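Working notes, beginning with the structure itself.
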């Protein structure tokens, strides 16, 4: 999808003034944070599992070439096919070629962030193939022509009223006077409408939460069961996924599964965890006749051996989004690309380039909650800081910010001068405040005072007070 | 470019990033050992209980995710329990199941004469399916179902009501226990086409984060635990 990450500030301002969005965003902390906390506390081993999970992924990434070799061999041995794709264009070409060979006209899709990343739906439509999103949240945003605002809850930015209006418009064949005043009725209607699509589909495309080298298996984790109907009913099951989803063994998957649902939704386990290995076997009465894995790189291999390699540990649980004060305030669309929140602020510059996404690593208060809740212990603030350094090195910031930082660095390296300037600044601010505790205007700081007051500093600077309090004065 | 070339490019990029050639014997040995040993990581203590406590935990966890549970003393009691359940839920007296031997050999005609049975994979018109779970995991109340003619995967997802039979002896502590059993049955490094872990009936929270059951899969998941025979 088109990147608008460079307009984060403008996007965020618009989001803060969007009343419906702000109402919907109240559901984020309410829906996720408390549930995760309870789930974590119910499992005494949770912290120890995080440490092991980190080690599993670090080990896999360090031996990624070898595990990929084994994974590929196992998929082939089970009768499946592996297609390698360096970027989104190659992946789309492969998928459309398979669809054409099968004569596919309708394709059902399980939720896939990688599909969003490469704009698969647009490519399918252009090739005359109808993609049908089957995850309820994805279905809703497909009807609206939007993109997901959250990696596990794509429609979290919408209210029930908005969904009702969308359904009335899209399902015009249903009686106009039908009652849709509860979420349950909307869910039921989507079930009936999509059931026909599942049965009519020629091909099903899912993503993967994990790939297992030991068995050549792809795994999806869902609550609705849509990913299962997507893969067991049509002639072919296509798995669109990326190289960072690999783990060595089934035991390693078990460890990661114990963290994924708890961190994401606060469930012990999601309803459906499905292990898929190859196509239908002799004697099987159901299942796909063809099984294809499209294994995409799209910039990930370039992260190996860099300070951003730990980002490839991410299992896409969304906990960092849910706990981020910036995400909670502006929602996912403001981030301007597929991956929002702290994980997006680290991943997006890696995948689309710092010049397009340089503002995202700045969209953080560095409160550190994201790293605290990350099941894979990814040092998200540290990596955002890396990006900020690179942004500075590459002169991508506005001139005022660059010179301001340079001036500050000059002073910070000269403590006596720093203290003198601080004292002078302190005095000037107190003079300007005319004895009031807060200032509503401040020269050169309109960007601050337009939205909130500036507090008047105390009479003496921190360093001066510190000197007084030290026991040896 | 052919697929093969894409493959070569990808592997060379990965090896370049990692600073390796791919030929290092030490790296190959580490990977080989990890795959052949498939050692367990930390397994939570929660499910590691003696048989009856393990079954009780499985039941509690499954009910905690909105499954309903009944217990049969012996397999022969299953048909009557299913007939009772269908009546209570006002469901049609027609079920479909696969070729599973335990299910096929039950005294249906003698103990549940009203229940009509169909066999094979699920059809879109089916309202109730019955499958036999290969295992239950006490830790999270999760059922394990394996694809094949005995228990076709469509039975787990198409009908609105899914009834799953699990034997007490098949209720294990952890997912790791399941993997060991499957390695025993299918061979190391082998899985059936589909292995479903099912934890409660289908649900969604996609509209305002409110839990609604029956999104695309079954609205009702009814589990029958067969307590005998004890080993």
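Working note: 222 nm ellipticity from helices only, DSSP H runs with n ≥ 4, each -39,500 (n - 2.57), summed and divided by the residues of chain A, gives -15000 deg cm²/dmol to the nearest 500.
Considering helices alone, the calculated mean residue ellipticity of chain B at 222 nm is -9500 deg cm²/dmol, with DSSP H runs of length four and up weighted by -39500 (n - 2.57) and normalised per residue.
Bridge orientation summary for the protein assembly as shown: considering DSSP beta bridges with both residues in this region, about 35 percent are antiparallel. Taking every Cα-Cα distance in segment A:325-382 and sorting them into 5 Å bins starting at zero, the pair-distance distribution P(r) comes out as 4, 21, 31, 26, 15, 2 percent. Label-to-label distance for residue A:355 and residue B:94 is 6.5 nm, based on points extended 7 Å past Cα in the beta-carbon direction. Compute the helix-to-body angle for B:25-37: its Cα long axis versus the longest principal axis of chain B, expressed 0 to 90° and rounded to tens. With both axes taken from Cα atoms, the answer is about 10 degrees.
Label-to-label distance for residue B:211 and residue A:113 is 2.5 nm, based on points extended 7 Å past Cα in the beta-carbon direction.
With neighbour counts taken as other beta-carbon atoms within 10 Å, the residues B:66, A:63, A:150 rank, fewest first, as B:66, A:150, A:63. Distance from the alpha carbon centroid of segment B:45-110 to that of segment A:123-201 works out to 35 angstrom.
Remark: relative contact order (chain A) = 21 percent; criterion is Cα-Cα distance under 8 angstrom and separation of 6 or more residues. Relative to the dominant Cα principal axis of chain B, helix B:51-64 is inclined by about 90°. Once the Cα-Cα distance is subtracted from the 0.36 nm per residue extended length, the residue A:105 to residue A:19 segment shows a gain of 27.0 nm.
With contacts taken as Cα pairs under 8 Å at a separation of at least 6 residues, segment A:43-301 carries a relative contact order of 29 percent.
Taking the C-alpha atoms only, the angle from helix B:3-18 to the longest principal axis of chain B is near 70 degrees. For the pair segment A:86-115 / segment A:319-333, the C-alpha centres are spaced 31 Å from each other.
The Rg/Rh ratio of segment B:51-226, with Rg taken over Cα atoms and Rh as the Kirkwood radius over Cα pairs, comes to 0.95. The order of A:314, A:370, going from fewest to most other C-beta atoms within 10 Å of their C-beta, is A:314, A:370. A convex hull fitted to the Cα coordinates of the protein assembly as shown yields 195 cubic angstrom per residue.
Taking Cα centroids, how far is segment A:443-473 from segment A:1-48 in Å? Going from one Cα centre to the other spans 33 Å. Computed from label points 7 Å out along Cα-Cβ, the spacing between residue A:47 and residue B:109 is 6.4 nm. By its C-alpha gyration tensor, with a ≥ b ≥ c as the square roots of the eigenvalues, how is segment A:1-148 shaped: rounded for a/c under 1.5, else prolate for a/b larger than b/c, else oblate? Here segment A:1-148 falls in the oblate category.
In terms of other Cβ atoms within 10 Å, A:388, B:101, A:100, A:70 run from fewest to most in the order B:101, A:100, A:388, A:70.
Values quoted throughout were computed directly from the atomic coordinates according to the rules given, and no laboratory measurement underlies them. None of the values given here were measured: they were computed from a predicted structure. Cβ: placed from backbone, ideal geometry, glycine included. Neighbour counts: every protein chain shown.
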